[in-house]
Amino acid sequence: MTAVRRLELRLVGLPLVRPFRTSMGVATRKECVLVRVETDEAEGWGECVSDVEPDFSAEWNASVWGMITTFLGPALLGANEVTAASLERAFAPWRGNRMAKATLVNALLDAELRSRGESLASALGADKDAVICGVSVGIAETTDALREQVDGYLADGYRRIKLKIEPGLDVERVAAVRTDHPDVLLSVDANAAYRLDDVDVFRALDDLDLLMVEQPLHHEDLVEHAKLQAQVRTDLCLDESIRSAADAAAALALGACRIVNIKQGRVGGVPEARAIHDVCAAASVPVWCGGMLETGIGRATNLALAAMPGFTLPNDTSASARYFSEDLTEPFVLDPDGTMRVPAGPGIGVVPDPGRLDSTTIRREVLEL
Ligand code: MG
């Protein structure tokens with residue numbers, strides 16, 4: 001139990017090493033909100049997964065900034081004795097805004113763990129000290145360009161390839177990669193770009209021996225996903241549709257998916273992500289950790305989460321170099337066996353490099369008592 005004395009927000013911007021195109025649009029740059037909290041005993045860091053536009057989610061960087069400076073930050077600073085668990089309850093009066101909430105919940109959890117010298121992975125009951133990594137490959141200009149990118153990532157050691165798809169750039173492209181690599185773990189992610197009427201696309205994908213098809217239909221849907229899952233052999237995985245442990249329970253009860261992609265930064269933070277993991281583990285449904293092009297702060301948090309026992313599929317925990325020429329933290333590196341080590345130090349185990357942090361900061365604001 002502690003009190004938070006000071007809260008520092010930064011908007012940081014980093015160029016991406018290669019444009020990332022999905023069915024929602026193209027990103028050439030990463031901009032995100034970072035929070036540093038200071039308690040009586042320690043500091044803690046949280047990275048928000050929102051983006052410059054509300055395209056993947058209704059939240060976006062400016063809404064997160066406003067939510068934290070107007071509501072969440074003052075509530076956190078005003079609480080005398082606060083823990084990451086009690087903070088979730090303190091934030092309950094405000095609906096949604098899970099990305100903004102996650103940033104503060106995770107920062108406070110990091111500070112709590114640093115103050116008692118325990119790693120996040122240990123606090124989550126991790127059963128591994130390295131996690132298996134996959135990579136998410138954006139929609140390329142041409143099929144040949146896609147094949148070349150996939151070859152490069154496999155040479156790096158990634159153990160699962162996920163291809164972003166959209167209508168018209170799907171079966172043929174995936175088939176080309178499957179022909180090149182008959183045995184590689186391969187999946188696709190549609191980011192909600194299809195409708196139930198497109199079932200023939202998914203029947204064709206059934207022939208390509210995919211690990212999963214991720215979020216084919218509407219970003220809030222469960223019922224139509226259940227109808228689609230009943231018509232295809234390949235396991236469906238939900239990402240955007242799972243906003244909470246309650247959503248996960250509903251999805252599994254409906255048969256809307258057989259795999260869940262857990263993104264802690266999208267569901268309200270590490271405690272809610274853990275609750276989703278537990279719902280899935282109780283139903284023997286495998287989970288894996290998705291990515292949101294995080295800097296080293298969010299990546300460290302994801303690695304600890306992905307070390308939990310139910311995370312049995314390769315994770316989108318790629319190396320810093322897949323995204324940035326220079327990360328905010330010490331770079332995360334893929335080991336030759338396609339795994340990445342889980343930070344073992346207190347809390348998330350990393351902090352930003354001060355010079356790098358300052359040179360990437362676009363906007364800064366401090367809230368204090
Ligand atoms: Mg996804």
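The values are calculated or read from the model by the stated rules, or taken from the named source; none is laboratory data. Just so it is clear, the model here is predicted, and its values are computed rather than measured. No Cβ is skipped: glycine too gets one built from the backbone with ideal geometry, and neighbour counts run over all protein chains shown.
For region 17-30, filtered to residues that are in contact with a strand residue (DSSP E or B) (Cβ under 6 Å, 6 or more places away or on another chain) and closer than 18 Å to residue 360 by Cα, the residue that is surrounded by the most Cβ atoms within 10 Å (Cβ to Cβ) is 30.
Being within 19 Å of residue 127 (Cα to Cα) and either under 13 Å from the mean Cα position of the chain (by Cα) or crowded, with 22+ Cβ neighbours inside 10 Å (or both) narrows it down to one of 306, 248, 282, so name that one.
Numbers: 248 fails: within 19 Å of residue 127 (Cα to Cα); 282 fails: either under 13 Å from the mean Cα position of the chain (by Cα) or crowded, with 22+ Cβ neighbours inside 10 Å (or both).
After ruling out the rest, the residue left standing is 306.
Cβ separations smaller than 8 Å between residues 6+ apart or across chains give the following pairs from region 135-158 residues that are under 19 Å from residue 340 (Cα atoms) and outside any strand (DSSP E or B) to residues that are within 16 Å of the ligand (Cβ to nearest atom) and polar (S, T, N, Q): 158/318.
The one condition from (1) assigned to a helix (DSSP H, G or I); (2) touching a Phe, Trp or Tyr at 6+ places or on another chain (Cβ under 7 Å); (3) within 16 Å of the ligand (Cβ to nearest atom); (4) not acidic (Asp, Glu) that residue 225 does not meet is (2). Inspection of region 272-288 identifies no residue that is at pLDDT 95 or above, within 16 Å of the ligand (Cβ to nearest atom) and among the polar types (S, T, N, Q). Give the residue that is nearest to the ligand (Cβ to nearest atom), with candidates limited to residues of region 228-240 that are among the polar types (S, T, N, Q) and in contact with a helix residue (DSSP H, G or I) (Cβ under 6 Å, 6 or more places away or on another chain). Among those residues, the one meeting the criterion is 234.
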